[in-house]
Amino acid sequence: QVQLVESGGGLVQGGGSLRLSCAASANIFSIYGMNWYRQAPGKEREWVVGSSRTGSTYYADSVEGRFTISRDNAKNTVYLQMNSLKAEDTAVYYCNVRIGNLNHWGQGTQVTVSS
């Protein structure tokens, strides 16, 4: 059973920074890659950034240049550094790993950006 635990969310002023973490119960990121999604109130969950098993990274246009994903395979942890935060970044952020046809999700961490 894969377990994903996000942390690092909080309240920050516009223009500020936060670093989210996603810790996995096993060494899966280097095998399956992973993604960060977010869901704002009243909106659908949207993809934010992805990291392939080889370490290639992909960003949504809305966060390109402001967010950076990194990985520590020894700690089974992925980080999402978020800079220049905007009010529209306010959402619950979820860690996601897809294994076969099954999506695994963490419980989410709330990020609130005040304007």
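Using unit Cβ charges (K, R positive; D, E negative) and no other charged atoms, how large, in debye to the nearest 20, is the dipole of the chain about its Cα centre? Don't jump to the answer; show the numbers that get you there.
Values: 10 positive and 8 negative charges, 43 e Å.
Rounded to the nearest 20 debye, it is 200 debye.
For the chain, what log10 I(q)/I(0) values come out of the Debye formula at q = 0.11, 0.22 1/Å, with one point per alpha carbon and no solvent?
Result of the Debye calculation: -0.31, -1.25.
Where does each of 7, 52 land when they are ordered by accessible area, with a 1.4 Å probe and the largest first?
Values: 7 55, 52 30 Å².
The ordering from most to least exposed comes out as 7, 52.
In whole percent, what relative contact order does the chain give with Cα contacts below 8 Å and a gap of six or more residues? Walk me through the intermediate numbers first.
Values: 280 pairs, mean separation 41.9, N = 115.
Relative contact order, the chain: 36 percent.
The values are calculated or read from the model by the stated rules, or taken from the named source; none is laboratory data. These numbers were taken from a predicted model, which means no experiment stands behind them. FYI the Cβ positions are ideal-geometry reconstructions off the backbone, even for glycines, and counts take in every protein chain you see. Surface accessibility is based on the protein's heavy atoms, side chains included, excluding ligands, DNA and RNA. Shrake-Rupley method; radii C 1.70, N 1.55, O 1.52, S 1.80 Å.
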